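The values are calculated or read from the model by the stated rules, or taken from the named source; none is laboratory data. Model, not experiment: these values are computed from the prediction. Virtual Cβ from ideal backbone geometry, glycine too; neighbours counted across all protein chains shown.
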Ligand SMILES: [Zn+2]
């Protein structure tokens with residue numbers, strides 16, 4: 001999840017680490033002196049709640065699947081043609 005996480009103080013990416021004695025994961029800011037340190041469990045829960053706002057109405061799922069197939073087919077067309085050659 002590191003790709004999505006940015007420090008709320010300085011905006012730099014966060015990196016994950018584990019406290020081995022407790023076996024608990026955390027994320028911390030890479031900026032020297034910034035000191036932002038967050039529980040991975042809490043951030044993951046917050047992220048899960050955020051993702052729920054991006055749900056798709058079931059009636060659009062077939063259309064989305066069809067469009068994804070066409071898009072992926074278009075993107076891989078040249079590769080498929082090269083394989084056939
Ligand atoms: Zn920071």
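Are there any pairs, at least 6 apart or on different chains, whose C-beta atoms fall under 8 Å, with the first in the stretch 5-32 and free of Cβ contacts under 8 Å to residues at least 12 places away in the same chain and within 16 Å of residue 43 (Cα to Cα) and the second near the ligand (Cβ under 9 Å from one of its atoms) and assigned to a loop (DSSP other than H, G, I, E, B), and if so, which?
Going by the 8 Å Cβ cut-off, the qualifying pairs are 6/12.
With respect to residue 47, is the statement that it is away from the ligand (no atom under 16 Å from the Cβ), in a helix (DSSP H, G or I) and within 19 Å of the chain's Cα centre (by Cα) true?
Here the answer is yes, as residue 47 does meet what is asked.
Among 26, 60, 69, which is part of a strand (DSSP E or B), modelled with pLDDT of 90 or more and away from the ligand (no atom under 11 Å from the Cβ)?
Checking each option against the conditions leaves just 26.
Would you confirm whether any residue within the stretch 2-15 is exposed (fewer than 10 other Cβ atoms within 10 Å of the Cβ), more than 16 Å from the ligand (Cβ to nearest atom) and in a helix (DSSP H, G or I)?
Scanning the stretch 2-15 turns up no residue that is exposed (fewer than 10 other Cβ atoms within 10 Å of the Cβ), more than 16 Å from the ligand (Cβ to nearest atom) and in a helix (DSSP H, G or I).
Would you mind finding the one in 32, 52 that is out of contact with any helix residue (DSSP H, G or I) (no Cβ under 6 Å at 6 or more places or on another chain) and either more than 16 Å from the ligand (Cβ to nearest atom) or modelled with pLDDT of 95 or more (or both)?
Exactly one residue qualifies, and that residue is 52.
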